[in-house]
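A.B. asks: Dropping the structure in here first, questions after.
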Amino acid sequence: VCPVGALSEKGEVAKVWEALANPDLHVIVQTAPAVRAAIGEEFGLPIGTRATKNMVASLKKLGFDKVFDTNTAADLTIMEEGTELIHRIQEGGKLPLITSCSPGWIKFCEYNFPELLDNLSTCKSPHQMFGAILKSYYADKMGIDPSKIFVVSVMPCTAKKFESERPEMNVNGLKDVDAVITTRELATMIKEAGINFNEVSDEHFDDPMGDATGAGVIFGATGGVMEAAIRTAYRLLEGEELEDVNICEARGLDGIKEFTVKLPNTGIELKAAVAHGLGNARKLMEKVRSGEADYHFIEVMACPGGCVNGGGQPIQPASVRNCIDLRAERAKAIYEEDEASVLRRSHENPTIQKLYAEFLGQPCGEKSHHLLHTHYVKRDLYPTED
């Protein structure tokens, strides 16, 4: 977020308009959880307004064939990542397991901590997983040629643009995600179309991929991935539900949060840590690299506060930023949506249950690994010519 506006993202609005105008394409849009917590600011709504209904209605008016919630794929990510964590704990795998949802963090790790790449979860981020599922399972169910499906991701993050272009992010020669636009770019499209954002409302994302839980939405705040994963990992390890799903130790804006979750039936004390902002991530990774830290699971977000404070979110002037903590206010909207959700654990999502029953088989199975998992590469900070 450049204070004088000299830096901006590489725009893809024109590319999305072109796709929407192409009658041969089935154009799908998915929205990250943090977008709904901030897009209202572009239309004069108070900071921290939960504008999900206005956003969904606006997207439908823009002409997308389907409007889906990336939270659905966040639930899918938890099923894969939670299972991956359990496998590593039970089978003596590489620990700590470190989350892989933040592409800015992933590239930072590839450059600065290549010896820890094996610690990273092999899971793709939620929107990339969703793209892969839309061009396989969804395409088959709907009888659509996958090459005719154009997936647009609305993200609070500029690094997602780079992520979608990574050569690893494809299945059977097709990119998982075809275009990534930021929250600001979506606001531009809504304004260009003359839609009155504050006056339109639609409560429902589209079927058949519209179900999501509260666990999916909290991905947008620092500590949210950790909290969502523990809600499901507890069930998978203990065989019973975690009674209180609010894991307050994972919440808040401390740069590094450390806590332990006790699993009474298995006798495991799950040691966890959460870091946000790359300065804090570096401090934590130095401890891991030196052997000083002893954790099972670590969540890292590149942006201070997590995705709610991503580089693609609405930019507030200093007069506002000096008086209001944008991170905290936007996070409140995220947690309010979680609290209002009927289902708050990823494994309870009926869409995800059906997806495994009909298509994937089991978490971290052969088909899941082919579609939903990836790998990372060591990058040279100081490349030299041969």
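A.B. asks: Could you work out [θ]222 nm for the chain from helices alone, using -39500 (n - 2.57) per DSSP H run of at least four and dividing by all its residues? Round to the nearest 500 deg cm²/dmol.
C.D. replies: Values: 15 runs with 144 residues, N = 386.
Helices in the chain give a 222 nm mean residue ellipticity of -11000 deg cm²/dmol.
A.B. asks: Express the relative contact order of segment 108-265 as a whole percentage, based on alpha carbon pairs under 8 Å and six or more residues apart in sequence.
C.D. replies: Values: 116 pairs, mean separation 21.5, N = 158.
Dividing the mean separation by the residue count of segment 108-265 yields 14 percent.
A.B. asks: Starting with the highest mean, order 172-179, 336-343 by the number of other Cβ atoms within 10 Å, averaged over the residues of each peptide. It would help to have the intermediate numbers written out before the result.
C.D. replies: Working: 172-179: 19.0, 336-343: 15.6.
My ranking of the peptides, most packed first, is 172-179, 336-343.
A.B. asks: Hand me the GluC sites (Glu not before Pro) from segment 220-288 located in a DSSP loop with no more than 14 other Cβ atoms within 10 Å, in residue order please. Write out the running numbers ahead of the final one.
C.D. replies: Numbers: sites: Glu227, Glu238, Glu240, Glu241, Glu243, Glu249, Glu258, Glu269, Glu286; in loops: Glu240, Glu241, Glu243.
Sites meeting the loop and neighbour criteria: Glu240, Glu241, Glu243.
A.B. asks: For Asp24 and Asp140, what is the calculated FRET efficiency with R₀ set at 25 Å and r taken between the beta-carbons, to the nearest 0.05?
C.D. replies: Working: r = 19 Å, r/R0 = 0.76.
That gives a FRET efficiency of 0.85.
A.B. asks: May I ask you to give the percent of accessible area on segment 324-384 that is carbon plus sulfur, with a probe radius of 1.4 Å?
C.D. replies: Numbers: 1830 of 3410 Å².
The value for segment 324-384 is 54 percent carbon and sulfur by accessible area.
A.B. asks: Okay, moving on. For segment 67-150, report the convex hull volume of the alpha-carbon atoms normalised per residue, in Å³, without decimals. Walk me through the numbers before you get to the answer.
C.D. replies: On the way: hull volume 9.6 nm³, N = 84.
Hull volume over Cα atoms, normalised by residue count, gives 115 Å³.
A.B. asks: Over the chain, what relative contact order in percent results from Cα pairs under 8 Å that are six or more residues apart? Could you put the intermediate results ahead of the total?
C.D. replies: Working: 720 pairs, mean separation 101.1, N = 386.
In percent, rounded to a whole number, it is 26.
A.B. asks: Could you look at segment 45-171 and say what percent of its accessible area is carbon and sulfur, using a 1.4 Å probe and all protein chains? Display every interim value, and only then the final one.
C.D. replies: On the way: 1810 of 3690 Å².
Answer for segment 45-171 is 49 percent, counting heavy atoms of protein chains only.
A.B. asks: Which entries of Lys161/Lys257; Lys61/Lys191; Lys257/Lys283; Lys124/Lys287 have Cα-Cα distances beyond 18 Å here? Intermediate results must be reported in sequence, preceding the final value.
C.D. replies: Values: Lys161/Lys257 29 Å; Lys61/Lys191 12 Å; Lys257/Lys283 12 Å; Lys124/Lys287 25 Å.
Beyond 18 Å: Lys161/Lys257; Lys124/Lys287.
A.B. asks: Using the Cα gyration tensor of segment 23-103, with a ≥ b ≥ c the square roots of its eigenvalues, what is the shape: rounded (a/c below 1.5), prolate (a/b larger than b/c) or oblate (neither)?
C.D. replies: Values: a/c = 3.87, a/b = 1.87, b/c = 2.07.
In terms of gyration-tensor shape, oblate.
A.B. asks: Rounded, prolate or oblate: which one fits segment 191-283, using the alpha carbon gyration tensor with axes a ≥ b ≥ c (rounded when a/c is under 1.5, else prolate when a/b beats b/c, else oblate)? Write out the running numbers ahead of the final one.
C.D. replies: Working: a/c = 3.45, a/b = 1.57, b/c = 2.20.
Oblate, since a/c reaches 1.5 and b/c is not below a/b.
A.B. asks: Rounded, prolate or oblate for the chain? Axes are the square roots of the Cα gyration tensor eigenvalues, ordered a ≥ b ≥ c, and the cut-off for rounded is a/c under 1.5. Before the final figure, lay out each step's value.
C.D. replies: Working: a/c = 1.35, a/b = 1.23, b/c = 1.10.
Cα axes put the chain in the rounded bin.
A.B. asks: May I pose another question? Keeping all protein chains in position, work out how much accessible area His375 exposes to a 1.4 Å probe, and write it in Å² to the nearest 10.
C.D. replies: 100 Å²
A.B. asks: Dipole magnitude of segment 107-256 about its Cα centre, charges +1 at Lys/Arg Cβ and -1 at Asp/Glu Cβ only, in debye to the nearest 20? Could the numbers behind the result be given before it?
C.D. replies: Numbers: 14 positive and 26 negative charges, 133 e Å.
Dipole about the Cα centre, nearest 20: 640 debye.
A.B. asks: Could you state how much accessible area Leu7 has, in square angstrom rounded to the nearest 10, with a 1.4 Å probe and all protein chains kept in place?
C.D. replies: 130 Å²
A.B. asks: If one puts a single equal scatterer on every Cα of segment 92-242 and applies the Debye formula without solvent, what log₁₀ I(q)/I(0) results at q = 0.09, 0.15 Å⁻¹?
C.D. replies: -0.38, -1.03
A.B. asks: Using packing as a proxy for protection, rank 68-79, 180-191 so that the peptide with the highest average count of other Cβ atoms within 10 Å comes first.
C.D. replies: Details: 68-79: 28.9, 180-191: 22.0.
Result, highest mean first: 68-79, 180-191.
A.B. asks: Can you pull out the trypsin sites (Lys or Arg not before Pro) in segment 1-42 that DSSP calls coil and that have at most 10 other Cβ atoms within 10 Å?
C.D. replies: Details: sites: Lys10, Lys15, Arg36; in loops: Lys10, Arg36.
Taking segment 1-42 and a limit of 10 other Cβ atoms within 10 Å, the loop trypsin sites (Lys or Arg not before Pro) found are Lys10.
A.B. asks: Taking only protein heavy atoms into account and a 1.4 Å probe, give the accessible area per residue of the chain in Å². Walk me through the intermediate numbers first.
C.D. replies: On the way: 15850 Å² over 386 residues.
Heavy-atom accessible area per residue stands at 41 Å².
The values are calculated or read from the model by the stated rules, or taken from the named source; none is laboratory data. Predicted model only: the values in this text are computed from it and were never measured. Note: ideal-geometry Cβ built from the backbone for every residue, glycine included; neighbour counts use all protein chains shown. We work out accessible area using only protein heavy atoms, side chains counted, and drop any ligands, DNA or RNA first. Shrake-Rupley method; radii C 1.70, N 1.55, O 1.52, S 1.80 Å.
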